[in-house]
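Working notes for the structure below.
Please treat every number below as a calculation from the coordinates, not as lab data. These numbers come from a predicted model, not from an experiment. Here the Cβ positions follow ideal geometry from the backbone for every residue, glycine too, while neighbour counts run over all protein chains shown.
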Amino acid sequence: MANIPGSRPPATGKKTGVTRPLLLILLIGLVIAVQYMHLERYLDHERLRQFGAAHGVLLPLMYLAVWTVGPLFLPGLPITLAGGLLFGPIWGVIYTALGSTCGAGLVFLVARYLARDWVAEKLAGTRLVSLDEKVARQGWKIVAISRLVPVFSYSLLNYAFGLTRISFWPYLGATFVFMLPSTIAYVYFSSNILGILQGKISSGLIIGVILVVAVSLIPMIYKWRKAKAGEAADF
């Protein structure tokens with residue numbers, strides 16, 4: 001299949017989409033813009049809670065819908081951060097975990113049943129061509145490792161797993177469970193990010209930063225342990 005109307009091809013490099021360094025640059029720019037334009041009075045949790053209450057169940061449903069179809073076109077990190085801003089640390093984690101799992105499942109099914117040849121062509125020449133062999137050896141464990149050690153982008157992995165022999169439900173279950181650490185970290189961080197925009201640093205924000213740093217260290221710890229054991233990393 002040459003192309004899918006309205007879809008964005010999976011990128012074939014390592015980190016794609018909105019990278020963490022770029023996100024940091026955008027955040028710094030946003031802080032400066034908010035301070036310069038004196039918009040901080042419009043950015044507080046009370047206003048967001050009122051906004052959410054005014055839309056009732058519609059807002060969570062819209063967010064889940066964006067998460068379900070968004071990974072076909074968009075990187076996942078900005079949607080995750082929006083969940084913390086809109087719903088806070090508890091409901092933000094719940095909605096993001098459910099939505100990102102549904103999105104991962106949809107992309108998986110598209111790759112497996114609707115665009116297999118197209119996705120295979122896009123992934124040709126990348127390290128992900130050996131993913132099926134790794135799945136054959138380790139099953140759902142390779143899904144768990146790929147979610148804890150996100151060397152490749154969220155959307156790219158979803159497409160790639162659709163080409164492997166792993167069954168849908170083990171893939172979906174491992175995706176849900178092992179994306180939770182990063183989901184919790186980024187949602188908690190973003191739920192406290194308004195303090196930065198208002199020129200304040202809260203204890204919640206500091207905890208959020210610590211959580212983000214902790215999950216960001218997981219890939220390095222994983223590779224260090226593999227190297228110490230004399231084994232090659234899976235990714």
If we take the stretch 111-217, then helices (runs of 4 or more DSSP H) inside it with 3 or more residues that are buried (at least 20 other Cβ atoms within 10 Å of the Cβ) are 140-148, 154-162, 168-178, 180-191
Taking the condition of being among the β-branched types (Val, Ile, Thr), more than 18 Å from Phe161 (Cβ to Cβ) and assigned to a helix (DSSP H, G or I), how many residues in the stretch 56-68 meet it? 1
Pull up the stretch 88-97, narrow it to residues that are of a type in the set (A, V, I, L, M) and free of Cβ contacts under 8 Å to residues at least 60 places away in the same chain, then point me to the one that is farthest from Ile193 (Cα to Cα). Ile94
Among residues belonging to the stretch 139-169 that are polar (S, T, N, Q) and touching a residue at least 24 places away in the same chain (Cβ under 8 Å), point out the one that is nearest to Gly70 (Cα to Cα). Ser155
Residues in the stretch 80-101 that are surrounded by 20 or more Cβ atoms within 10 Å (Cβ to Cβ) and among the hydrophobic types (A, V, I, L, M, F, W, C): how many? 5
